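For reference, the structure discussed in these notes is given below.
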Amino acid sequence: MTSKENYGWYSKKQHTSLSDDVEYGLMRPVINSRGTGYCEKQCHNSYIYQTENGDEVLCTEVTSTPDYPTSKFDDFVSLGKVVKFIKLCYTEVQ
């Protein structure tokens, strides 16, 4: 059995956009384990993941390939391979 590889990315533009979503109370759809949907207020603007060497990195996006993300943000920085999700969080944009 092979495990799925994940790659962490950080975009300051995306971080700012996600922060605005939190500030303005954006609602996001969620599907629970029973397959029914509901909306909840966006409370996080980033994710903490652990890298292969044990460091924790702040990500705004995680992909299944090392290819540059195809989204509307053009300032992604690769954080490398990530191996473990730690938590959702809210952090100030630096």
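The values are calculated or read from the model by the stated rules, or taken from the named source; none is laboratory data. Keep in mind that what you see is a predicted model, and the values were worked out from it rather than measured. So basically every Cβ, Gly included, is an ideal-geometry build from the backbone, and we count neighbours across all protein chains shown.
Take Gly54 and tell me if it is outside any loop (DSSP other than H, G, I, E, B) and either hydroxyl-bearing (Ser, Thr, Tyr) or at pLDDT 85 or above (or both).
Details: outside any loop (DSSP other than H, G, I, E, B): no; either hydroxyl-bearing (Ser, Thr, Tyr) or at pLDDT 85 or above (or both): yes.
No; evaluated as a whole, the condition is false for this residue.
Please work out which one of (1) at pLDDT below 90; (2) surrounded by 12 or more Cβ atoms within 10 Å (Cβ to Cβ) is the condition Gly8 fails and give its number.
Of the numbered conditions (1) at pLDDT below 90; (2) surrounded by 12 or more Cβ atoms within 10 Å (Cβ to Cβ), the odd one out for Gly8 is (1).
Can you name the residue in the stretch 65-90 that is of a type in the set (Phe, Trp, Tyr) and within 15 Å of Trp9 (Cβ to Cβ) and is also surrounded by the most Cβ atoms within 10 Å (Cβ to Cβ) among such residues? Even if it seems obvious, please write down each step before you answer.
Initially, the stretch 65-90 is screened for residues of a type in the set (Phe, Trp, Tyr), giving 68, 73, 76, 85, 90.
Okay, now just the ones that are also within 15 Å of Trp9 (Cβ to Cβ), so 68, 73, 76, 85.
On the way: Tyr68: 12, Phe73: 16, Phe76: 18, Phe85: 13.
Checking each candidate, the answer is Phe76.
Condition check: of a type in the set (A, V, I, L, M, F, W, C) and buried (at least 16 other Cβ atoms within 10 Å of the Cβ). Does Val62 satisfy that?
Values: of a type in the set (A, V, I, L, M, F, W, C): yes; buried (at least 16 other Cβ atoms within 10 Å of the Cβ): no.
No: the conditions fail for Val62.
Does Ile48 satisfy being among the aliphatic types (A, V, I, L, M) and modelled with pLDDT of 75 or more?
yes
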